[in-house]
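Peer 1: Quick one: this structure, given as structure tokens, is what I'll be asking you about.
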Amino acid sequence: MKLPLQITFRDMPPSESVAREVREKAEKLDEVYEGILSCRVAIESESRRRHQGNVYRVRIDMTVPGEEVVFGREASEHHPHEDVYVAVRDAFDGARRLLQEYGARQRGDVKTHVGPPHGRVARIFPESGYGFLEAADGYDVYFHKNSVLNNGFTRLAVGTEVRYEEELGEKGPQASTVAIVGKGGHGHRAA
């Protein structure tokens, strides 16, 4: 990176071992995209009222030529990051995907999918109306119940195969259209 890495700890004492982990992962981002001008990482601890321990949020702000790329992994009540190292790993995984997409756009690469991506439901929260798909590459893609075709949200369960259209949302990859593959899902489209 051309500018120094900035690491900020909020509502927690600075940790040299966490900072070392951040530095190692930030250096690997250069392997994905060499044009990173700066990288700021904020690690925040948040106490939970009803449970013991803290949850962690990690936000990564990177400046690249022409824009700022931000990845913020929010802790949620359904999938909290109780381990700061897991929060850091997941945030850098997301930042890596965003940089790969940015680099592909810069090069003018076009994805060569034959049809929409294929995945499986990894986690679903019916009472809240959203879930996460596991992409073929192993990363998570957020989806909202309104994105599921044919009012199919109630038919989804962990492991359900789906095809989906992916876009870059405010907090990372998200599915704009989800179609159940197989019986009754109408997952196939006419060419």
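The values are calculated or read from the model by the stated rules, or taken from the named source; none is laboratory data. The model shown is predicted, which means the values in this text are computed figures rather than measured ones. A quick note on method: Cβ atoms are made from the backbone with ideal geometry, for glycine too, and the neighbour counts reach across all protein chains shown.
Peer 1: Taking into account only those residues within segment 63-89 that are touching a Lys or Arg at 6+ places or on another chain (Cβ under 8 Å) and at pLDDT 85 or above, which is farthest from LEU29 (Cα to Cα)?
Peer 2: ALA87
Peer 1: Of all residues in segment 126-147 being out of contact with any Phe, Trp or Tyr (no Cβ under 9 Å at 6 or more places or on another chain) and on the phi < 0 side of the Ramachandran plot, which is surrounded by the most Cβ atoms within 10 Å (Cβ to Cβ)?
Peer 2: To start, the set of residues in segment 126-147 that are out of contact with any Phe, Trp or Tyr (no Cβ under 9 Å at 6 or more places or on another chain) comprises 127-128, 134, 136-139.
Restricting the remaining residues to those that are on the phi < 0 side of the Ramachandran plot gives 127-128, 134, 136-137, 139.
Values: GLU127: 7, SER128: 12, GLU134: 16, ALA136: 9, ASP137: 9, TYR139: 18.
Filtering segment 126-147 for residues that are out of contact with any Phe, Trp or Tyr (no Cβ under 9 Å at 6 or more places or on another chain) and on the phi < 0 side of the Ramachandran plot, the one surrounded by the most Cβ atoms within 10 Å (Cβ to Cβ) comes out as TYR139.
Peer 1: Here is a further query. Scan segment 143-185 for residues that are closer than 17 Å to PRO126 by Cβ and in a strand (DSSP E or B) and jot them down.
Peer 2: Matches in segment 143-185: PHE143, HIS144, VAL148, VAL162, ALA175, VAL178, ILE180.
Peer 1: With (1) assigned to a helix (DSSP H, G or I); (2) at pLDDT below 90; (3) not assigned by TED's automatic domain parsing to the domain that holds SER15 as the list, and THR112 as the residue in question, which single condition is left unmet?
Peer 2: All conditions pass for THR112, except number (1).
Peer 1: Of everything in segment 1-13, what is surrounded by fewer than 16 Cβ atoms within 10 Å (Cβ to Cβ) and more than 16 Å from ARG59 (Cα to Cα)? Give them in sequence order.
Peer 2: Within segment 1-13, LYS2, LEU3, PRO4, PRO13 meet the criteria.
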